[in-house]
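Undergrad: The structure is given below, and queries will be raised subsequently.
The values are calculated or read from the model by the stated rules, or taken from the named source; none is laboratory data. The structure presented is a predicted model; accordingly, all values stated were derived computationally and were not measured. With ideal geometry, Cβ positions are generated from the backbone for all residues, glycine too; neighbour counts draw on all protein chains shown. To get the accessible areas, we keep the full protein, side chains included, count just its heavy atoms, and leave off ligands, DNA and RNA. Shrake-Rupley method; radii C 1.70, N 1.55, O 1.52, S 1.80 Å.
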Amino acid sequence: MLATIVTRCVAGLRWLAKQTYRQRALGVAGSPQLARLLDLHAITVAAHLALVAALLLAPPTRTLIWAAALAGIPLLTGLAIWRSGRLMIGVLIAAEGLIAILAIRWPAFLPYLVTLAIAQQASLLAVWIRNGASLAVLGRATAYGSLLGVFTGAGTLIIGVFARSVPLWTAAILFAVAALLSLSIPANPPRPPRAPSPPRQPSPPRQGGSPQSPQKPQASEGYSVYRPSSLDTPKDPA
């Protein structure tokens, strides 16, 4: 019975790994120029699911701390969208990783991780929009991160029952990887190629105007133009 359970668990994990790779492959095939952004989005989604597991395992936090953290969401999110870009995303991800490490020792930092997570995802979404990504590619990236979250979220939640710091350490490692990955995304969104201009159509002839007279042949320099005369017509012998 134990061997059967282990075999089925391994088969299920293998299936999840194949589906994760499939979602990434489809997303990259749809927009190869956004491959780095797709990986960054998926890793941050997986890290935030690990934070959800840490919140479920954390001891209760004072209401005042939650109120202060939630009050900062509109301000920080607005700033993150306004200054969205490689630098802002990298700073937010690095701050999340640092506070995740601090929250291992002091769980009162967890509410501020929620504030940073919302601002970081909003900034990343603004970059997706500026890069002209379709909803299909964004959905692939989210599915890719959610499948990773089965390991980082649900998996660490089970392990966290015995070791409470595992979800936060997992999130901190993922944030470190995402911070390094954010350095490779383009600073400015690539501009789409300009469509070739259509050929100019000839203007239609004007209605009701007088027909233009044919142009007279012009003589080149040093020569005269021969004009036929009636005298050149051969006479009919009568």
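Undergrad: In the range 1-153, if the dipole is taken from +1 on Lys/Arg beta carbons and -1 on Asp/Glu beta carbons about the Cα centre, which of 69, 119, 149 is farthest to the positive end?
TA: 149
Undergrad: Let me ask another. With label points built 7 Å along Cα→Cβ from the Cα atoms of residue 125 and residue 35, find their separation and express it in nm.
TA: The answer from the label model is 2.8 nm.
Undergrad: If the label point is 7 Å along Cα→Cβ of residue 154, which residues in the range 20-62 have backbone nitrogen under 13 Å from it?
TA: Hits in the range 20-62 for residue 154 at 13 Å: 20.
Undergrad: Right, something else. Provide the gained length on full extension for the span residue 161 to residue 105, in nm with one decimal, where the gain is 0.36 nm per separating residue minus the Cα-Cα distance. Provide the component values of the computation, followed by the final result.
TA: Working: separation 56, 0.36 × 56 = 20.16 nm, distance 1.68 nm.
Between residue 161 and residue 105, full extension yields 18.5 nm more.
Undergrad: Could you estimate the translational diffusion coefficient of the range 19-119 from the Stokes-Einstein equation, with Rh from the Kirkwood formula over C-alpha pairs, at 20 °C and 1.002 mPa s, in whole µm²/s?
TA: Numbers: Rh = 15.0 Å.
It comes out at roughly 143 µm²/s.
Undergrad: What list of ³J(HN,Hα) values in whole Hz, one per residue of the range 120-129 in order, does the Karplus curve 6.51 cos²θ - 1.76 cosθ + 1.60 (θ = phi - 60°) give from phi, with Gly and Pro shown as x?
TA: With the stated coefficients, the range 120-129 comes to 5, 5, 5, 5, 5, 5, 5, 5, 4, 5 Hz.
Undergrad: Largest first, how would 112, 144, 21 line up by accessible area (1.4 Å probe)? The partial results should precede the final answer.
TA: On the way: 112 85, 144 30, 21 155 Å².
Output order, biggest surface exposure first: 21, 112, 144.
Undergrad: Calculate one ³J(HN,Hα) per residue across the range 136-151 by plugging θ = phi - 60° into the Karplus curve 6.51 cos²θ - 1.76 cosθ + 1.60, and present them in order as whole Hz with x for glycine and proline.
TA: 5, 5, 5, x, 5, 5, 5, 5, 4, x, 5, 5, 5, x, 4, 7
Undergrad: Quick one: accessible area per residue over the range 61-103, 1.4 Å probe, rounded to a whole number of Å²? Don't skip to the end; give the middle numbers.
TA: Details: 2480 Å² over 43 residues.
Solvent-accessible surface per residue comes out at 58 Å².
Undergrad: Leaving out ligands, DNA and RNA, what percent of the accessible area of the range 3-106 is carbon and sulfur, probe 1.4 Å?
TA: Details: 4210 of 6020 Å².
The C+S portion of the solvent-accessible surface of the range 3-106 is 70 percent.
Undergrad: Separate question: First select every other residue whose beta carbon is under 15 angstrom from the beta carbon of residue 137; then total the charges, Lys and Arg +1, Asp and Glu -1. Walk me through the numbers before you get to the answer.
TA: Values: positive: 22, 24, 36, 130, 140; negative: 39.
So the surrounding residues net to +4.
Undergrad: To the nearest 20 debye, what charge dipole does the range 7-116 have about its Cα centre, counting +1 at the Cβ of each Lys and Arg and -1 at the Cβ of each Asp and Glu?
TA: On the way: 10 positive and 2 negative charges, 73 e Å.
I would put it at about 340 debye.
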